[in-house]
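Chemist: Dumping the structure here so I can ask a few things about it.
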Amino acid sequence: MRRRCFAVVPAAGRGRRMGSEIPKQYLNLAGKPVLQHTLERLLAVPDLEIIVVALAADDRRWHELPLARHPRIRVTEGGAERADSVLAGLECLEGAATAADWVMVHDAARPCLRPADAEKLLHTLAEDEVGGILALPSVDTLKEVTDGVVRQTVARHRIWRALTPQLFRYRLLRRSLEQALARGMPVTDESSAVELAGFRPKIVEGSPDNIKITRPEDLPLARFILERS
Ligand code: C5P
């Protein structure tokens, strides 16, 4: 049976590391807010039926976005941490998504996602019972450091960097996030909650240009990537 696919976009962060008054999802990138680029890229994935955007309670900028009233987009109020915002997005899909339907979670701050990579994730995992994530093998040699001193070199061939989108079955993801938050565990991505619940998410190789806007120098890099794609 073919499962339906939904998306949740956590966009309720402040982005303090950007050092800007404006939250990073609303910063101007090549003439449009970062969030507009991100949503355009997700809308280019035809399988995604509904895209839920989790916004900060005091968000005043969403309504100015050209996509604010798009028929495939819904909004909900996010929470204190990224995982709370994702959970709010999942709750918003209650009634629309059934237990085994797919939910693709993608950071608002990753505007350079290639729609083809999101489709690759969906197609690679289509028959999987859990789900998985886009990730990149580490290219640098990695060091474990304490107090500014190298303790050891980490075996690089086993290290991957987790990106988004991350794709999981609806009920499994919702329960995993609820359990992790109830236990007070740190949850920086969906995969970590699913791992804590005892599952093994799959890895699908993504693209290095799917960067997350985090620091001011990331904006010109994102502009360069978007102009080339
Ligand atoms: O701060 P960071 O880059 O890790 O945030 C990743 C994504 O999570 C961003 O799109 C941000 O808007 C979102 N977020 C959220 N709710 C929070 C914190 C972050 O939706 N409370």
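Just so you know, all these numbers are worked out from the coordinates, no wet-lab data involved. Keep in mind it's a predicted model, so treat the numbers as computed, not measured. We place every Cβ from the backbone using ideal geometry, glycine too, and count neighbours over all the protein chains shown.
Chemist: Considering only segment 67-108, how many residues are in contact with a Pro (Cβ under 9 Å, 6 or more places away or on another chain) and more than 23 Å from residue 183 (Cα to Cα)?
Modeler: Of the residues in that region, 4 qualify.
Chemist: Continuing with this model, one more query. Given the conditions (1) among the small types (Gly, Ala, Ser); (2) over 18 Å from residue 84 (Cα atoms); (3) within 15 Å of the chain's Cα centre (by Cα), which single one is not true for residue 54?
Modeler: (2)
Chemist: Would segment 165-188 turn up any residue that is hydroxyl-bearing (Ser, Thr, Tyr) and within 16 Å of the ligand (Cβ to nearest atom)? Walk me through it before giving the result.
Modeler: First, the residues of segment 165-188 that are hydroxyl-bearing (Ser, Thr, Tyr): 170, 176, 188.
Remaining after also requiring within 16 Å of the ligand (Cβ to nearest atom): 188.
Within segment 165-188 (the criterion being hydroxyl-bearing (Ser, Thr, Tyr) and within 16 Å of the ligand (Cβ to nearest atom)), the answer is yes, since at least one residue qualifies.
Chemist: So, one more: Among the residues of segment 37-50, write down those that are out of contact with any Cys (no Cβ under 7 Å at 6 or more places or on another chain) and either within 16 Å of the ligand (Cβ to nearest atom) or not in a helix (DSSP H, G or I) (or both).
Modeler: From segment 37-50, those out of contact with any Cys (no Cβ under 7 Å at 6 or more places or on another chain) are 37-46, 50; that's our starting set.
Correct list: 37, 38, 39, 40, 41, 42, 44, 45, 46, 50.
Chemist: Any residue in segment 61-81 that is near the ligand (Cβ under 9 Å from one of its atoms), surrounded by fewer than 20 Cβ atoms within 10 Å (Cβ to Cβ) and either closer than 24 Å to residue 135 by Cα or free of Cβ contacts under 8 Å to residues at least 24 places away in the same chain (or both)? Steps first, please.
Modeler: Applying the first criterion (near the ligand (Cβ under 9 Å from one of its atoms)) to segment 61-81 yields 78-81.
Now narrow it down to the ones that are surrounded by fewer than 20 Cβ atoms within 10 Å (Cβ to Cβ): 79-81.
This time we only want the ones that are either closer than 24 Å to residue 135 by Cα or free of Cβ contacts under 8 Å to residues at least 24 places away in the same chain (or both), so: 80-81.
Within segment 61-81, one or more residues are near the ligand (Cβ under 9 Å from one of its atoms), surrounded by fewer than 20 Cβ atoms within 10 Å (Cβ to Cβ) and either closer than 24 Å to residue 135 by Cα or free of Cβ contacts under 8 Å to residues at least 24 places away in the same chain (or both).
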